[in-house]
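Have a look at the structure below before the remarks.
The values are calculated or read from the model by the stated rules, or taken from the named source; none is laboratory data. Just so you know, these numbers come straight off a predicted model, no measurement behind them. Ideal geometry is used to build each Cβ from the backbone, glycine not excepted, and the neighbour counts take in all protein chains shown.
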Amino acid sequence: MREYRPNEIEKKWQEIWDEKEIYKAEIDQSKPKFYALVEFPYPSAEGLHVGHPRPYTAMDIVARKKRYQGYNVLFPMGWDAFGLPTENFAIKNKIHPAIVTKRNIQRFKSQLKSIGFSFDWSREISTTDPEYMKWTQWLFLKFYEHGLAYKKEMPINWCTSCKIGLANEEVVNNACERCGGEVVQKVKNQWMLKITEYADRLIDDLDTVDFIDRVKLQQTNWIGRSNGMEIDFQVAGKEDKLRVFTTRPDTIFGSTYMVIAVEHPLIEKYKDEIENFHEIVEYRGEVSKKSEIERTDLSKEKTGIEIKGLTAINPATGKEIPIWVSDYVLMSYGTGAIMAVPGHDERDWEFADKFGLPIVEVIQGGDIRKEAYTDTEDGILVNSDFLNGLSVKDAQEKISDWLEEKGLGQRKVNYKLRDWVFSRQRYWGEPIPLVHCDECGWVPVPEEDLPVLLPDVENYEPTDTGESPLATIDEWVNTTCPTCGKPAHRETDTMPNWAGSSWYFLRYLDPQNDKEFASREAIDYWMNVDWYNGGMEHTTLHLLYSRFWHKFFYDIGLVSTPEPYQKRTSHGMILGDNNEKMSKSRGNVVNPDDIVRDYGADTLRTYEMFIGDFEKSAPWSENGVKGCRRFLERVWKLQEIVVEGSDYTKELESSIHKAIKKVSKDFDTLKFNTGIATLMSLSNEFYDYGSITKKDLETFLILLNPVAPHITEEIWQQVGLEGYLHESTWPDYDESKTKDEVIQMPIQVNGKLRATIEISVDASQEEIKDAALKDENVQKFIQDKSIVKEIFVKGKIFNLVVK
RNA sequence: GCCGGUGUGUCGGAACUGGAAGACGAGACAGACUCAAAAUCUGUUAUCCGCAAGGGUGUGUGGGUUCGAGUCCCACCACCGGCACCA
C-alpha cells in the first residue's frame, strides 16, 4: 500500500471530475431537482481565509449527498464583486477597479478549486460583468416603472475636511477614517426603493418558509410592525397640526408635552416666530454629529430644548402643552414627532424628570414619582375623563374610536423598517440607468441601450460637491433624452452592492441568456432555492432585500414563486486561535492554501466540519487540524485490514446500521461534527475488530465521501470496488438493526444514580424492580426507608423515591 | 442602548422530546517501538475524599418548578452578531 499523499490524489480527482463534468447541472424533468445555494463571496484582495470554506463545505456535503440520493442538484458559485474595498484599493494604487476585481476573482477561484467543491463552474457569474449588470439595471427599471423607485432628501455622512461623502463604515467615532476630520450629516437627494410597501408580506410570508427561528424573529423585529394611532395635535393659534404616531393612545390624557425631531420641517417653517431659533439650530448642529445608535441610547443623559413661541393643544384634554426638540426622536421613524407621556414611558419620564415637566398618572398601579409605570396588563385608567376605570385594552379601543369619530386621528400600522436608500456617490457600482431631461423629467434608458457601462475616469474618489466621480465626466453625463431627443444628463449615482446580490440566485439558473435575465423554463424548473445557507450578519439586509426583490418580480409576473428561498440556515464564524475575529490587523488570519498544502483539502474540509457546532462560532486550532489528518490516515490504512467478501461483518452490523442512520440524519441537520464523530468511532471499531469486509468499507467510504471526497474516491479505486464512488448511491439502513436488545438500565434512588443493571430492553417494570432491589448499593440507600413512588421510563430509567 | 444569539473538563465540543453530564477530537501524563527524536500503537485523564468498594461536588451567577434540570421558569452577569452607505 502506498503512502497517503493528499496533494497528488486531490489534484488527480479534481481533474477527473472536471473532465467528466459530473457537477454540471442540466434541466432534467425525470429527476427531482435540488437547488443548494451558498452566499457568493466578495473577492477581496486578501484572498480566501478559513472562514469561507465552512459554509461551502457544509453545502457541498448536502449537495453531494443529494446527488447520491438521486436528485438533480444545482450548486453554483459566483462573485459579489462591486464594493468599497476594491474601490479604495483602486484609488490608493491608481489602478482600475475592474483590473483589481479580475485579479481577485482569479485568486479566489483557484483557491476554491483546490478545496474540491462540487460547484457547477459553468454557471459562474460576477455582478460586475456587463452582461450581468445589464439585467441588474433592467430589473431596477422595473421598480422605477412600477413606482417603487423614487427620489427623496436623505442625509449622507459628510467629511467636512475631505469634502466627500462617506460610508458608515468609514466613519469612526464621528470622524473620517482617512483624514480624521469631523463628519456631519448632509442632506442629499437620493434614489429610494419602497421596501416598506412589502413590509406586511415580508413578515407574514415567513410562515410559508423553513427558516431557522432566529432568522425569522430577527427579520420580524427589524420590520417592527406595530399597531397604533396617528393623532393630530393642533399647533396653538396656527393652521398647522403636529401629527404623532403612538402605540398607546389610551395614555393621551397623560401627555403633558410634545417632542419633535431636530429635523422636523415645523422648525424651519416657524423660524421667525421661534424665540430661541438660534439655540435650536446650534443644538441641531450637535445632533447631526451623532449616530442614530447614540441618539436613541436609552441609558444616556437626556438632552433637549424647549421651542419657545410654539405650543400645541392636547386634543383630549384641550390643554396647551409645550413643544420640545430632542435627539431621541428620529425623523425616520413614525412622523418625527411624539406625544410625551412621562408617567408611562421610561424615556419620557427621564426627560420630564430632568427638565421639570409635569408627570401625570393616567394608569393606576405604579408609583410615577419614582419611575414610569409601563404595565399594560393589569393597569386601570385614571385622570382620563371618560376612560377612567377602564382596562388599558378597553381604553385603547374607546379612545381610538373617539379620536376617529372626531376626526382627530386614525388607526395606523407603523413599521420600524424604512425605505431603502439605493443611491451611492461612488464609482464602483452599477450606474443607475436613468436620464434626466428638463422637458420629460426622469426617463429610463431603453432596454436596447443597456447596460449603461462605467466610463473610465482619472479619479475614483467622490467629488467635493458630494456627487459621484461619474459627475465629472462630461462626455458620459451629457446625453440625449431617449423620449424627446433633446440634451439631457445621466444620473451619476450608482447602486449599492446589494443590488447585484438581490437576484443572483435567478441568474445562476440561466447565466448565459442574452435575451432575458433568465428563461421562464429555467425559473419554473429550478426555483425555489431549496436550501440557502449564509451568515447571520446578512439576515436583515441582504436576506430581506432579496426577498423583497423576488416578491416584486412575482407580482409583475417575472418569477413563479412568491418566496425565493425555501429553507435558510446560518453558520457560525471561524475565529482566530486567540478566540478573536480573524483580521489582518489582529494578525490571526489562517490561509486555507497553507492547510491544503500541508495537510490536504480533505483534512481542511474534515476539520472545518468537525471544529464544532456548525451554527456557532469556533476558534481555529492547528492541533485540531492534525487530529483530522490523523483520522484520515487511519481511514487510508483501512486498506491494510480489508478482507475479501461482499458480506457484511455480522459482529459490527448493528454499528454500521446505526452509523448510516446517524450520519444521514446529521448531514441533513447541519450536525456535521457529530456525524464525523460517528464515523471516527466506527473506524475505531473496525480496528478493534481487526478487519473490514469490502462491503463494509464501501458503506463507510460513501458515508465519508461528502466530507472527504478525494481520499474516499482514491481508496475505492485502490481496493478495486466497482466503478467510481461518485457513481454510487447512498446506503440504506434497517431500522430494526439499529435497536439494541440488551441495555444498561440506570437505577436511581431519589433521583441519584446508585446502580446500573444489564437487562432486556423489553423488561417490565416489575422485572427491573426485582433486579434493582437485589443490588447491594441500591439496598444500602433504601435500608429501612419505605418506597413511596416508582418512576419508570421504558428503556431510559428506573427511579425509586424513598422516605 | 435596542433586536437576535451564546455560556458545559486544560481546550474544541457531545447529551434524543426533562431521564447515566463530558461521546468524538485535541492536549497532558505513563508505557511500547527507537541509539534518540518524530511518527505510530496501548493505557490513564472533570474535581475532591478513599487502598478499594464507593461517596461528595460539578454545565456563567442567584433563585424556582420537578421523583429527576445543561435542558423548563424568573432575575442577573459576561461575551458574540446586527443596527439600515462594510460585505
TODO: Quickly run through the stretch A:124-175 and pick out the residues that are aliphatic (A, V, I, L, M) and modelled with pLDDT under 95.
DONE: A:M154, A:I156, A:I164, A:L166, A:A167, A:V171, A:V172, A:A175
Task: Any hit, the stretch A:298-317, residues being within 15 Å of RNA strand B (Cβ to nearest atom), polar (S, T, N, Q) and either under 19 Å from A:I231 (Cβ atoms) or out of contact with any helix residue (DSSP H, G or I) (no Cβ under 8 Å at 6 or more places or on another chain) (or both) - done: yes
Open item on the list: If I ask for residues that are among the charged types (D, E, K, R) and either in contact (Cβ under 8 Å) with a residue 40 or more places away in the chain or within 12 Å of RNA strand B (Cβ to nearest atom) (or both), which ones from the stretch A:740-762 would you list?
Closed with: A:D740, A:K752, A:R754, A:E758
- [ ] Could you check, for the stretch A:706-722, whether at least one of its residues is within 13 Å of RNA strand B (Cβ to nearest atom) and either over 30 Å from A:L632 (Cα atoms) or buried (at least 17 other Cβ atoms within 10 Å of the Cβ) (or both)?
- [x] yes
Task: Filtered residues of the stretch A:66-89 (kept if of a type in the set (S, T, N, Q) and within 9 Å of RNA strand B (Cβ to nearest atom)) - done: A:T86
Task: Output for the stretch A:331-365, where each listed residue is more than 16 Å from RNA strand B (Cβ to nearest atom) and free of Cβ contacts under 8 Å to residues at least 24 places away in the same chain - done: A:D353, A:G356, A:Q364, A:G365
Task: Search result, residues across the stretch A:781-798 that are near RNA strand B (Cβ under 9 Å from one of its atoms), surrounded by 11 or more Cβ atoms within 10 Å (Cβ to Cβ) and more than 50 Å from the chain's Cα centre (by Cα) - done: A:F781
Open item on the list: Scan the stretch A:438-451 and tell me whether some residue there is within 13 Å of RNA strand B (Cβ to nearest atom), within 34 Å of the chain's Cα centre (by Cα) and either farther than 30 Å from A:K24 by Cα or not in a loop (DSSP other than H, G, I, E, B) (or both).
Closed with: no
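Residue-by-condition table, conditions (1) among the hydroxyl-bearing types (S, T, Y); (2) in a strand (DSSP E or B); (3) in contact with a Cys (Cβ under 6 Å, 6 or more places away or on another chain):
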| position | (1), (2), (3) |
| --- | --- |
| A:S299 | yes, no, no |
| A:E306 | no, yes, no |
| A:P315 | no, no, no |
| A:D327 | no, no, no |
| A:G343 | no, no, no |
| A:D348 | no, no, no |
| A:A352 | no, no, no |
Open item on the list: Give me the residue from the stretch A:407-432 that is more than 13 Å from A:T492 (Cβ to Cβ) and outside any loop (DSSP other than H, G, I, E, B) and, out of that set, nearest to RNA strand B (Cβ to nearest atom).
Closed with: A:V421
- [ ] Could you list all residues from the stretch A:159-177 that are closer than 16 Å to A:K188 by Cβ, in a strand (DSSP E or B) and small (G, A, S)?
- [x] A:G165
- [ ] Give me a count of the residues in the stretch A:151-173 that are over 27 Å from the mean Cα position of the chain (by Cα) and more than 12 Å from RNA strand B (Cβ to nearest atom).
- [x] 5
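Of all the residues that make up the stretch A:604-629, how many are β-branched (V, I, T) and more than 6 Å from RNA strand B (Cβ to nearest atom)?
2
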Task: Tabulated pairs, the stretch A:93-106, first in contact (Cβ under 8 Å) with a residue 24 or more places away in the chain, second acidic (D, E), C-beta under 8 angstrom, 6+ apart or interchain - done: A:H96/A:D456; A:P97/A:E87
Task: Enumeration of residues in the stretch A:413-466 that are in contact with a Leu (Cβ under 9 Å, 6 or more places away or on another chain), more than 21 Å from A:F82 (Cβ to Cβ) and among the aromatic types (F, W, Y) - done: A:W442
Open item on the list: Against the definition (of a type in the set (G, A, S) and under 30 Å from A:L166 (Cβ atoms)), how does A:S400 come out, yes or no?
Closed with: no
